[in-house]
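First comes the structure, then the notes that go with it.
The values are calculated or read from the model by the stated rules, or taken from the named source; none is laboratory data. What you see is a predicted model, and the numbers here were worked out from it, not measured in a lab. Cβ atoms come from the backbone with ideal geometry, glycine included; neighbour counts cover every protein chain shown.
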Amino acid sequence: MQLPKPLYCGALIKRYKRFLADIRLESGENITAHCPNPGRMTGLSKSGSRVWVSCSPNPNRKLPFTLELIEADGGLVGVNTHHPNKIVREAIEAHKIAQLEGYDSLRTEVNYAERSRVDILLEDEKLGRCWVEVKNVHLRRDNRKSNGIAEFPDSVTARGSRHIEDLTDRIKLGDKSVLIFLIQRMDCKDFKIARDIDPQYHETLLRGMENGLEVLCFDTNITLSCISLRNSITFCTS
């Protein structure tokens, strides 16, 4: 997935009210950017952190700048939660996810329950329907220099638990459901659920897996120009 061009580099002053970030650009200008991330962004909101923002040409936008990348632990981390769906969609279309091969059609943002909308719906006359939910991951709390452990969620997510329940309901109707955790960083080789942050999500996911929910985990390759799906990551369930 191509990132918007150009990206402007700066230093984070502070992130506040979840969706706002004050940044000092390299030009010396101070700006307030939209932070498209509802999570806590633990470890990614340190004052002085190097960041990159895009700028929308839309004159009607109240905040033209959007926070895209943050430098953390010596590498780039994607914090825009709007990107993972597109990254996964491009990977499916490029035949990079073997578990999702063979479907004739792909649709996005499809309503499938009274309370939910699935990120991707794959359909095929022989294979049937496959409901795909994508979760953005950027939390890392271990102290390893490399090969860290990515975790999700970084805050309590009742909505996330509801999505799992809705995906499980589709399995009971004879469909296939897949939950993808996409890690927008390059320094993790394993993934686990942050049980201490949201024990309910952990329990709901285990129940979903017992009922046939498939879980896939991938990291990404991140540059200042694009983000793409890279490798399959080990899911640690214990």
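Here are a few things to note about the model shown:
- Against the test of being loosely packed, with under 14 Cβ neighbours inside 10 Å and at positive phi, the options N147, N221, N143 yield a single qualifying residue, N147.
- Number of the exception - A113 against (1) exposed (fewer than 12 other Cβ atoms within 10 Å of the Cβ); (2) modelled with pLDDT under 95: (1)
- Just one of the numbered conditions (1) of a type outside the set (D, E); (2) more than 29 Å from R141 (Cβ to Cβ); (3) in a loop (DSSP other than H, G, I, E, B); (4) in the same structural domain as D187 (by TED's automatic domain parsing) is not true of T108: (3).
- Restricting attention to region 30-66, the residues that are within 21 Å of the chain's Cα centre (by Cα), surrounded by fewer than 15 Cβ atoms within 10 Å (Cβ to Cβ) and part of a strand (DSSP E or B) add up to 1.
- Residues of region 74-104 satisfying the condition of being charged (D, E, K, R) and either buried (at least 17 other Cβ atoms within 10 Å of the Cβ) or not in a loop (DSSP other than H, G, I, E, B) (or both): K86, R89, E90, E93
- Considering L229, L205, L167, the condition of being closer than 27 Å to V53 by Cα, assigned by TED's automatic domain parsing to the domain that holds A98 and touching a Ser or Thr at 6+ places or on another chain (Cβ under 9 Å) is satisfied by L229 alone.
- Restricting attention to region 149-170, the residues being under 19 Å from L76 (Cβ atoms) and more than 17 Å from the chain's Cα centre (by Cα) number 0.
- In region 114-126, the qualifying residues are those that are assigned to a loop (DSSP other than H, G, I, E, B) and over 15 Å from K176 (Cα atoms), and the one that is farthest from the chain's Cα centre (by Cα) is E114.
- For the residues E203, E151, the requirement of being assigned to a helix (DSSP H, G or I) and farther than 17 Å from V132 by Cα singles out E203.
- Counting residues in region 22-34 that are within 20 Å of D154 (Cα to Cα) and hydrophobic (A, V, I, L, M, F, W, C) gives zero.
- For the condition within 13 Å of the chain's Cα centre (by Cα) and either surrounded by fewer than 22 Cβ atoms within 10 Å (Cβ to Cβ) or in a strand (DSSP E or B) (or both), I180 qualifies.
- With respect to (1) over 20 Å from Y201 (Cα atoms); (2) touching a helix residue (DSSP H, G or I) at 6+ places or on another chain (Cβ under 7 Å), the lone exception for W131 is condition (1).
- Boolean, L173 is more than 27 Å from V79 (Cβ to Cβ), among the hydrophobic types (A, V, I, L, M, F, W, C) and surrounded by fewer than 20 Cβ atoms within 10 Å (Cβ to Cβ): yes
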